[in-house]
Amino acid sequence: MALVNLIPLEPRSEPQPDASHGAIVHDAPMTDSPKHGVALHLQGIGKRYASVAALDDVSLDIASGELVALLGPSGSGKTTLLRVIAGLLQPEAGRLLFGDVDATRLRLRERNVGFVFQHYALFKHMTVAENIAFGLRSRPWRKRPKRAAIAQRVRELLALIQLPEHGERYPEQLSGGQKQRVALARALAIDPTVLLLDEPFGALDAKVRVELRRWLRKLHEQTGQTTVFVTHDQDEALELADRVVVLRDGRIEQVGTPEEIYASPASAYVFEFIGRANVLEGRVGGGRFSLEGQAWQAPADGMADGAATLYARPHDLAIAPADEGLRAHVTAIHRLADRIGVELALPGRARALELDLVAAPGVEVPAPGSDIGVRPLRFRIFSADGAQDAR
Ligand code: ADP
Ligand code: MG
């Protein structure tokens, strides 16, 4: 029974973290981790809960040393996929390979994964150093490193997470961000084949989150640890990951580098999920996209005639003279720390448009109430069925 291994061996009187929030430990030797050269292959993974397809035909390759973010709204299947990789859940369909090894039927403890969850799962009654050592100490004695080797490993990890003097503290004496760094060190102590992080910064405040994700990115560059990071926060995914996997209702919607995902969203769904978007419903006819009541048109080469929608980011709209581009009316100006939001109304359209100006010295801000032209500099057009697009 694999889950037995999640429960600390001593002392038994203290309340223990529940299995789903604990660190996953394993009993493989510390020295023969096949980490380097190992990739993770997911082939056609499917997992249902009653009528819900939590995962539907998910196929993905993760290269050794890669940091991949699973990004999607709540309920899109991120946690389920992570638990399938960990061996906490058995998929009904598909295969999972760790390198060349078929891991589909391998138990949790045989997979050698490290896991960090959103909610602090440190053992309260253990010091920081004891927490980090936990996965190594709880191995069967034949596979357990020597006491001095464990102490050395703990020192290295405390230095890595930049808490060299905190080994003797208890979790309650740490900040939220420090606790998550310790949880990370505990997951890394076992030298995992893959590190799985499920919204690890989700419970922290915004500023600490940003600091920690930058710190984690640097740490990853140092360690080259193959990592799967789950988040519903697009900024976090884009800033942190080598590649982003966008999930929607248990299916992969797009896989790409952060640049690809942001600049070339494969669907209207990804476009809207990944950043702020202006949405303009119109029509394609004869290879041109047009909007009712507007003279401005965009090329839509190769797209079939019919209903279509143009998507443009606020910073990809530019102000033009009133007789050029889209005719728009300035309804409000929003001054933010680093940008100026120009709120616009287009004749006959209920949905407002947003145009961003960089809040730089000397930038010309249109007056509220004035009429201006708006030129979409970069945009994508998706047909109503999502099958075709143009940019
Ligand atoms: P995410 O982590 O992206 O928020 P999850 O993987 O937790 O999504 O859930 C995916 C889908 O599976 C959701 O519809 C969720 O309600 C459902 N689900 C997850 N776990 C269970 C469960 N133990 N029992 C029933 N349905 C579940
Ligand atoms: Mg989740």
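Every number here is computed from the coordinates shown, using simple stated rules; none is lab data. All values reported here derive from a predicted model rather than from experimental measurement. Note that each Cβ is placed from the backbone with ideal geometry, even for glycine, and that neighbours are counted across all protein chains shown.
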Revision key, fill the gap. Placing +1 on each Lys and Arg Cβ and -1 on each Asp and Glu Cβ in region 2-263, then taking the dipole about the Cα centre, the residue among Pro258, Val101, Ser76 whose Cα reaches farthest towards the positive end is Val101
Review point. In a GNM of the chain with a 10 Å cut-off on Cα contacts, which of Asp323, Asp242, Asp56 has the highest mean-square fluctuation?
Key: Asp323
Review point. Amide H to amide H under 5 Å from Ala322: which residues, 5+ apart in sequence or cross-chain, H placed 1.01 Å off N in plane?
Key: Gly373
Practice item. For Arg313, list long-range residues whose amide hydrogen, built 1.01 Å from N in the peptide plane, is under 5 Å from its own amide hydrogen. Key: Asn278
**Study point:** Relative exposure of Leu55, Leu353, judged by other C-beta atoms within 10 Å (fewest first)
**Key:** Leu353, Leu55
Point to revise | Rounded FRET efficiency, nearest 0.05, which uses the C-beta distance separating Ser264 from Ser370 and R0 of 35 Å | key: 0.55
Exercise for review: Could you calculate the FRET efficiency of Val358 with Leu160 from 1/(1 + (r/R0)^6), where r is the beta carbon distance between them and R0 is 41 Å, rounded to 0.05?
Suggested key: 0.60
**Study point:** Stretch gain in nm, segment Ala63-Thr257, where the contour uses 0.36 nm per residue and the Cα spacing is subtracted
**Key:** 68.5 nm
Revision key, fill the gap. Listed residues Leu377, Leu216, Leu346; largest mean-square fluctuation, Gaussian network over the chain with Cα springs below 10 Å, found at Leu377
Point to revise | DSSP-assigned coil residues among trypsin sites (Lys or Arg not before Pro) in region 140-172, each with at most 14 further Cβ atoms within 10 Å | key: Lys146
Practice item. Subtract the Cα-Cα distance of Glu239 and Ala295 from 0.36 nm times their separation in residues, and report this length gain in nm to one decimal. Key: 16.3 nm
Review point. For Asp385 and Ala149, FRET efficiency with R0 = 51 Å and r from the beta-carbon atoms, rounded to 0.05?
Key: 0.25
Review point. Along the positive direction of the dipole of the chain (beta-carbon charges: Lys, Arg +1; Asp, Glu -1; about the Cα centre), which of Leu353, Thr193, Val330 reaches farthest?
Key: Thr193
**Study point:** Pairwise label distance in nanometres, Leu106 with Ala53, each label 7 Å out on the Cα-Cβ vector
**Key:** 2.8 nm
Review point. Normalised by the number of residues in the chain, what is the relative contact order in percent for Cα pairs under 8 Å and 6+ residues apart?
Key: 15 percent
Exercise for review: As a check on your grasp of the helix formula, calculate [θ] at 222 nm for the chain: sum -39500 (n - 2.57) over DSSP H runs of n ≥ 4, divide by the residue count, round to the nearest 500.
Suggested key: -6500 deg cm²/dmol
